[in-house]
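The values are calculated or read from the model by the stated rules, or taken from the named source; none is laboratory data. Because the structure is a prediction, the values reported are computed rather than measured. A quick note on method: Cβ atoms are made from the backbone with ideal geometry, for glycine too, and the neighbour counts reach across all protein chains shown.
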Amino acid sequence: MTRITSKKTVWQLALRVFSIGLLPVLTANQAFGAERIKFNYGALERSIPISSLEAYAKTGKMDEDLAAYSQYIDKKQLTQLRQTLLTPINLNQVGVSQFLYTPIGERLLETLGKVIQTESRLSGFYAIRAALILAAADSQNFTLLNVLQKFPSSSISINLSQTLEIVNSFQNLANQTQNAVAIINQQAQQKTTTASTLNSVTLRDLGKNGSFRFSKQTIVLNDLTRHRTFPADIYLPIAQTPRSIVIISHGLGSDRTSFAYLAEHLASYGFVVAVPEHPGSNSEQLQALLAGTADKVTNPRELIDRPLDIKYLLDELTRLSKSNPTFRRRLNLDQVGVIGQSFGGYTALALAGAKINLEQLQANCPSLEDTLNVSLLLQCLAVNLPSGSYNLSDARIKAIIAINPVDSSIFGQASLSQIKIPVMIVSGSADTVAPALPEQIQPFIWLTTANKYLALINGGTHFSTIAESANTVVPVPTQVIGSSPALARRYVKALSVPFLETYIAGQSSYLPYLSANYVNDISQQPLPLSLITSLTSEQLKLPFQ
């Protein structure tokens, strides 16, 4: 733990944690509320009246109580504090209540309850939940400030000892991630320098549209064996010969329009693109949760149903290619690739041959409340699956792209090392949902397939590559999406084409595009892009297993 050397350091930490640390966390997870906020470090205690925060938030003026602490944080952080206190939370009481009573919501409350406590310094689990639900009842005034005022205790106690542990853990992860990112960027740059001396071929920008025209139609699939009905959008290029197939799997709470931009782009290069909507983990499921007609963010069964959706879709496309004139002689079912983002990244890896590792999950999930890796909340749902062996791989799939995948515990090294087909992992260095180091960089090291790629978007977040859907239930704040999402999406387009052309369509002429040299050519600020094909734990000096 960090050593506290003076009282001033303690209160400086308290203000900084509150203004730039805890506030964003609480806003993201909808938590906090009362008359005073007390910061405790052992026997030491200081406090701020909530009325002081309210006055500052509404008028921009500090009273004596708040002014005494202003020396510990700069003007930018004070401005952020004011904005955060008054930013509307776009959820209703039913939605907040429903989420906070789900297993994932309760896990988050357990973690927050260690830091945010009642006046008697007991866990704030129930108080936080009550404050959120009460504050959400006033939909016109559902802000963090209102949540503070609804906290069912005369004061809110912030445990700085626990906060320090979280801060230290976060800092350790951040330092390790920065180290890994620096090494990846350096390695990519070295390969660029070498390639530039050997390769004088001019490569075009594959982020621009191809020359194929295409049509789009929606089919509805009904898998009677699973009592599961779901739609899929099919993008059919106009061509004289059967074309390779790419399936895109969306993330949790998204839908089939989230990657329509990528589907259209790949269709313009002659790929048949099929985009299914997974009914138990799409935007409708999230809407049902917030409306009170569902009691889960997603069901553990979705971990099985998602890959089976894609298997069933391929079976249906096979049937249509024989019976439906629109599809006849237009599909090459021997050349299939899958692209997935987040939960869809998990889906792609499962189809590629990674098996759910229940033994590892049972070891990792009991200590889940101490993790900074939010994606483990989703992965650990698998421990509730019925025991048995699930065959989720599909031999028809010849290569996959996993964008921001969640995979570290549900698969781990033992399962990921079994994948034999080409894999590209796309990672964002600023991903706070599925952190880059444990969820993408470390899993990349574990892969043993002969053809593997790690594309790192420096500054990219978990949401950078997702296009906003018209069906979005809770809009993602701009600061969470990060800067230049259009650039991140352009990278996905520019990398998907050569990877799929090479490993799905068998066009070796595209292999030069899967190089650090090409990536350096298309890389731009503020999201510089790097690409590597190998990495070891020894290079990162981390104790990976």
Report summary line: Filtering the stretch 124-143 down to residues that are within 28 Å of the chain's Cα centre (by Cα) and of a type in the set (S, T, N, Q) yields 139, 143
Query raised in the report: When the residues of the stretch 35-52 are filtered to those that are among the small types (Gly, Ala, Ser) and modelled with pLDDT of 80 or more, which remaining residue is surrounded by the fewest Cβ atoms within 10 Å (Cβ to Cβ)?
Result: 51
Report summary line: Restricted to the stretch 408-449 and to residues being buried (at least 23 other Cβ atoms within 10 Å of the Cβ), within 15 Å of the chain's Cα centre (by Cα) and hydrophobic (A, V, I, L, M, F, W, C), the residue nearest to residue 353 (Cα to Cα) is 425
Requested in this report: Consider residue 377 carefully, then state whether it is farther than 24 Å from residue 539 by Cβ and under 22 Å from the mean Cα position of the chain (by Cα).
Outcome: yes
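Do we have residue 101 as assigned by TED's automatic domain parsing to the domain that holds residue 147 and crowded, with 16+ Cβ neighbours inside 10 Å here?
Considered against the rule, which asks whether it is assigned by TED's automatic domain parsing to the domain that holds residue 147 and crowded, with 16+ Cβ neighbours inside 10 Å, residue 101 comes out as no.
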Query raised in the report: Are there any pairs with C-beta distances below 9 angstrom linking a residue in the stretch 113-125 that is farther than 14 Å from residue 166 by Cβ to a residue that is of a type in the set (S, T, N, Q) and surrounded by fewer than 17 Cβ atoms within 10 Å (Cβ to Cβ), with the two at least 6 apart or on different chains, and if so which?
Result: 119/154
Query - Number of the condition not met by residue 189 [criteria: (1) surrounded by fewer than 20 Cβ atoms within 10 Å (Cβ to Cβ); (2) in the same structural domain as residue 262 (by TED's automatic domain parsing); (3) not acidic (Asp, Glu); (4) not in a helix (DSSP H, G or I)] - result: (4)
Query raised in the report: Any residue in the stretch 326-342 that is part of a helix (DSSP H, G or I) and either in the same structural domain as residue 397 (by TED's automatic domain parsing) or surrounded by fewer than 22 Cβ atoms within 10 Å (Cβ to Cβ) (or both)?
Result: no
**Report entry** Members of the stretch 232-281 that are in a helix (DSSP H, G or I), under 22 Å from the mean Cα position of the chain (by Cα) and closer than 22 Å to residue 332 by Cα
**Finding:** 260, 262, 263
Query raised in the report: When you go through 455, 363 one by one, which is the residue that is more than 25 Å from residue 315 (Cβ to Cβ), of a type outside the set (Ser, Thr, Tyr) and surrounded by fewer than 17 Cβ atoms within 10 Å (Cβ to Cβ)?
Result: 363
Query raised in the report: Between a first residue in the stretch 418-433 that is under 18 Å from residue 180 (Cβ atoms) and a second residue that is in a loop (DSSP other than H, G, I, E, B) and hydrophobic (A, V, I, L, M, F, W, C), which pairs have beta carbons less than 6 Å apart while being 6 or more apart in sequence or on different chains?
Result: 433/374
Report summary line: Across (1) at pLDDT 95 or above; (2) outside any strand (DSSP E or B), residue 521 clears everything bar (1)
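Let's see how each residue does on (1) closer than 30 Å to residue 454 by Cα; (2) part of a loop (DSSP other than H, G, I, E, B):
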residue	(1), (2)
95	no, no
119	no, yes
133	no, no
182	yes, no
185	yes, no
Report summary line: Result of the Cβ filter at 7 Å on the stretch 82-106, keeping first residues that are farther than 14 Å from residue 129 by Cβ and partners that are aromatic (Phe, Trp, Tyr), at least 6 apart or interchain, is 82/56; 88/142; 89/142
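Conditions (1) within 30 Å of residue 95 (Cβ to Cβ); (2) modelled with pLDDT of 90 or more, marked per residue:
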{"residue": "438", "(1), (2)": "yes, yes"}
{"residue": "464", "(1), (2)": "yes, yes"}
{"residue": "477", "(1), (2)": "yes, no"}
{"residue": "503", "(1), (2)": "no, yes"}
Requested in this report: Find all pairs meeting these conditions: Cβ atoms under 9 angstrom apart; at least six residues apart or on different chains; first residue within the stretch 226-254 and on the phi > 0 side of the Ramachandran plot; second residue at pLDDT below 95 and of a type in the set (S, T, N, Q).
Outcome: 253/281; 253/282; 253/283; 253/285; 253/298; 253/472
Report summary line: Subset of the stretch 485-495, residues under 21 Å from residue 352 (Cβ atoms) and more than 19 Å from the chain's Cα centre (by Cα), comes to 495
Query raised in the report: Across the stretch 53-75, which residue is surrounded by the fewest Cβ atoms within 10 Å (Cβ to Cβ) among those that are under 36 Å from the mean Cα position of the chain (by Cα) and among the hydroxyl-bearing types (Ser, Thr, Tyr)?
Result: 70
Query raised in the report: Considering 351, 314, which residue is aliphatic (A, V, I, L, M), in contact with a strand residue (DSSP E or B) (Cβ under 6 Å, 6 or more places away or on another chain) and surrounded by 19 or more Cβ atoms within 10 Å (Cβ to Cβ)?
Result: 351
Query raised in the report: Quick one: is residue 129 in contact (Cβ under 8 Å) with a residue 24 or more places away in the chain, surrounded by fewer than 18 Cβ atoms within 10 Å (Cβ to Cβ) and assigned by TED's automatic domain parsing to the domain that holds residue 87?
Result: no
Report summary line: residue 252 passes all but one of the listed conditions (1) closer than 30 Å to residue 97 by Cα; (2) touching a strand residue (DSSP E or B) at 6+ places or on another chain (Cβ under 7 Å); the exception is number (2)
Query - Flag if residue 210 is under 30 Å from residue 301 (Cα atoms) and touching a helix residue (DSSP H, G or I) at 6+ places or on another chain (Cβ under 8 Å) - result: no
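If you go through the stretch 486-519 one residue at a time, how many are in contact (Cβ under 8 Å) with a residue 12 or more places away in the chain and within 16 Å of residue 261 (Cβ to Cβ)?
Summing the residues that are in contact (Cβ under 8 Å) with a residue 12 or more places away in the chain and within 16 Å of residue 261 (Cβ to Cβ) in the stretch 486-519 gives 12.
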Report task. Among residues belonging to the stretch 282-325 that are among the basic types (Lys, Arg) and either part of a helix (DSSP H, G or I) or not assigned by TED's automatic domain parsing to the domain that holds residue 243 (or both), point out the one that is modelled with the lowest pLDDT. Result -> 322
